[in-house]
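Working notes for the structure below.
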Amino acid sequence: MRILVTGGAGFIGANFVTHLLSTAAIERVVVVDALTYAGNLENLAGAHRDPRFRFVKGSILDRGLVEDLLAAEDIGVVAHFAAESHVDRSIRGPEAFIETNVTGTLRVLEAARAHLNARPDKKDSFRFLHVSTDEVFGTLGPTDPKFSEDTPYSPNSPYAASKAASDHLVRAWHETYGLNTLISNCSNNYGPLQFPEKLIPLIIHNALAGKSLPIYGDGQQIRDWLYVGDHCSALATIIARGKPGETYAVGGNSERANLDVVGTICDLLDHHRPRNSGSYRDQIAFVADRPGHDRRYAIDASKLERELGWKPERNFSSGIEATVLWYLNNGEWVNNVTSGAYRDWVAEQYA
Ligand code: NAD
Ligand code: DAU
């Protein structure tokens, strides 16, 4: 397989590249990434040592660049991760989300279409995987059935709306142009290399820095947590065996309220890196709620299990302990990504 990974220097993309390069069947992995605040070349340090790997700094908005890479590298699969991904940032500044997530996806789709027009022999075997989110489905009540591939779209944040729009574009490129697309709608990921603006790494980072642990609203919002390595194996499975034109819901079957997640992290830190006195739980602080905050996400991933044989390997308790230990052992990575622009964001968001 010769694959182009957009956004491969970000959290999930970089984990996915590592996952791919651990497989002998992979011939070539090319990453195109604009290296925004969320992208970090250090995330690909291992990949750089592999002769099958190439990194290109560039934007998905540059259709010509993407088209050239598809042709020059004889790409057979696009795994499209590149996006603005943080809900709170989308609330403060929606425009970048429309540009990257909607227009950017359009450009990658158009590059793929042009590439296949020039190489019709490639059209049948080509795959375009669009990595999307469960947030496109909106929010669930406490007893609602979980999100599935049949749930109607109902996005609530600018981020979710931009991802919903990109999903619709991908669907249309399949129906209209016959592009072999695949869409995954995944729940909340966690694990190594996640930028500390998202709940789990932010809490670990703040706890160790002696700062308060901000809980939006009452902390009873529920997310369905999936370890990033399991998301990567789901995506590889969808590329290998998914049916073109289909969507797949991906989740960890691990619904947890935010306050419980934060409490679990505090308990793990109390065990592995105890404070001089008291518990990290003493640092918990309730702050103003996120506008339009979705109350509950939960995924029914039974289609993926039934049709493609995928199941997550890690449960939440083993995944969260591995994650806490990774952050404890990778203080230098955290220091490197929490300089300058990160401090400005935290000052603005949690003022
Ligand atoms: P991330 O913010 O960590 O990484 C995004 C990457 O995209 C960064 O490396 C960034 O530099 C790059 N990028 C941004 N704009 C770009 C552009 N114009 N051109 C090229 N590269 C650009 O995001 P993540 O958490 O790794 O999420 C990756 C994808 O997975 C996103 O599409 C997101 O919507 C989706 N997703 C994320 C989660 C989650 O829990 N994090 C869950 C489901 C789906
Ligand atoms: O569901 C998949 C989505 O999960 C992905 O598509 C997004 O890219 C990803 O960012 C994530 O979105 P969330 O908004 O659910 O993740 P976040 O880590 O920002 O927040 C998780 C929950 O924690 C949410 O209910 C908001 C809450 N929260 C978050 C932060 C940053 C807090 O209570 N305090 C915080 O400081």
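The table below lists the values:
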read-out: Some residue of region 257-278 being of a type in the set (S, T, N, Q) and surrounded by fewer than 16 Cβ atoms within 10 Å (Cβ to Cβ); value: yes
read-out: Region 10-45: number of residues that are within 14 Å of ligand 1 (Cβ to nearest atom) and either of a type outside the set (D, E, K, R) or more than 24 Å from Asp68 (Cα to Cα) (or both); value: 24
read-out: Residue match in region 92-112 (condition: over 27 Å from Met1 (Cα atoms) and either in contact with a Gly (Cβ under 9 Å, 6 or more places away or on another chain) or not in a helix (DSSP H, G or I) (or both)); value: yes
read-out: Residue satisfying all of: in region 83-102; hydrophobic (A, V, I, L, M, F, W, C) and surrounded by 24 or more Cβ atoms within 10 Å (Cβ to Cβ); nearest to Ala34 (Cα to Cα) among these; value: Ala83
read-out: Filtered residues of region 113-144 (kept if buried (at least 23 other Cβ atoms within 10 Å of the Cβ) and either more than 23 Å from Thr36 (Cα to Cα) or of a type in the set (Phe, Trp, Tyr) (or both)); value: Phe128, Asp134, Val136, Phe137
read-out: Long-range neighbours under 6 Å by Cβ, at least six apart or interchain, first residue closer than 22 Å to Asp167 by Cα within region 136-154, second of a type in the set (Lys, Arg) and part of a loop (DSSP other than H, G, I, E, B); value: Thr139/Arg295
read-out: Residue that is nearest to Arg290 (Cα to Cα) [pool: residues in region 204-234 that are within 15 Å of ligand 1 (Cβ to nearest atom) and touching a strand residue (DSSP E or B) at 6+ places or on another chain (Cβ under 6 Å)]; value: Ile222
read-out: For Phe195: the one exception among (1) within 25 Å of Ala96 (Cβ to Cβ); (2) surrounded by 23 or more Cβ atoms within 10 Å (Cβ to Cβ); (3) more than 8 Å from ligand 2 (Cβ to nearest atom); value: (2)
read-out: All positions within region 157-186 that are over 19 Å from Ala234 (Cα atoms) and either of a type in the set (Asp, Glu) or away from ligand 1 (no atom under 15 Å from the Cβ) (or both); value: Arg171, Ala172, Trp173, His174, Glu175, Thr176, Tyr177, Gly178, Leu179
read-out: Those helices (runs of 4 or more DSSP H) lying entirely in region 1-82 with at least 2 residues charged (D, E, K, R) and surrounded by fewer than 24 Cβ atoms within 10 Å (Cβ to Cβ); value: 63-72
read-out: Flag if Ala240 is more than 14 Å from ligand 2 (Cβ to nearest atom), touching a helix residue (DSSP H, G or I) at 6+ places or on another chain (Cβ under 9 Å) and closer than 26 Å to Glu307 by Cα; value: yes
read-out: Matching residues, region 296-334, being in contact with a strand residue (DSSP E or B) (Cβ under 7 Å, 6 or more places away or on another chain) and outside any helix (DSSP H, G or I); value: Arg296, Tyr297, Ala298, Ile299, Asp300, Ala301, Pro312, Arg314
read-out: Qualifying position, being buried (at least 22 other Cβ atoms within 10 Å of the Cβ) and in a strand (DSSP E or B), among Ser166, Ser162, Ser184; value: Ser184
read-out: Among the residues listed as Arg119, Arg107, the single one being free of Cβ contacts under 8 Å to residues at least 60 places away in the same chain, basic (Lys, Arg) and farther than 29 Å from Glu95 by Cα; value: Arg119
read-out: In region 79-104, residue nearest to ligand 1 (Cβ to nearest atom) [restricted to those that are of a type outside the set (Phe, Trp, Tyr) and in contact with a strand residue (DSSP E or B) (Cβ under 7 Å, 6 or more places away or on another chain)]; value: Ala82
read-out: Some residue of region 286-295 being more than 16 Å from ligand 2 (Cβ to nearest atom), surrounded by fewer than 14 Cβ atoms within 10 Å (Cβ to Cβ) and outside any helix (DSSP H, G or I); value: no
read-out: All positions within region 125-151 that are away from ligand 2 (no atom under 11 Å from the Cβ), under 20 Å from Val108 (Cβ atoms) and either not in a strand (DSSP E or B) or not aliphatic (A, V, I, L, M) (or both); value: Ser125, Phe126, Arg127, Phe128, His130
read-out: Which numbered condition Thr105 misses (of (1) surrounded by fewer than 22 Cβ atoms within 10 Å (Cβ to Cβ); (2) within 16 Å of ligand 2 (Cβ to nearest atom)); value: (1)
read-out: Any hit, region 329-350, residues being in contact (Cβ under 8 Å) with a residue 24 or more places away in the chain, among the acidic types (Asp, Glu) and surrounded by fewer than 18 Cβ atoms within 10 Å (Cβ to Cβ); value: yes
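Laboratory data are not the source of any read-out in this text; all were calculated from the coordinates shown. All values derive from a computational prediction rather than experimental measurement. Note that each Cβ is placed from the backbone with ideal geometry, even for glycine, and that neighbours are counted across all protein chains shown.
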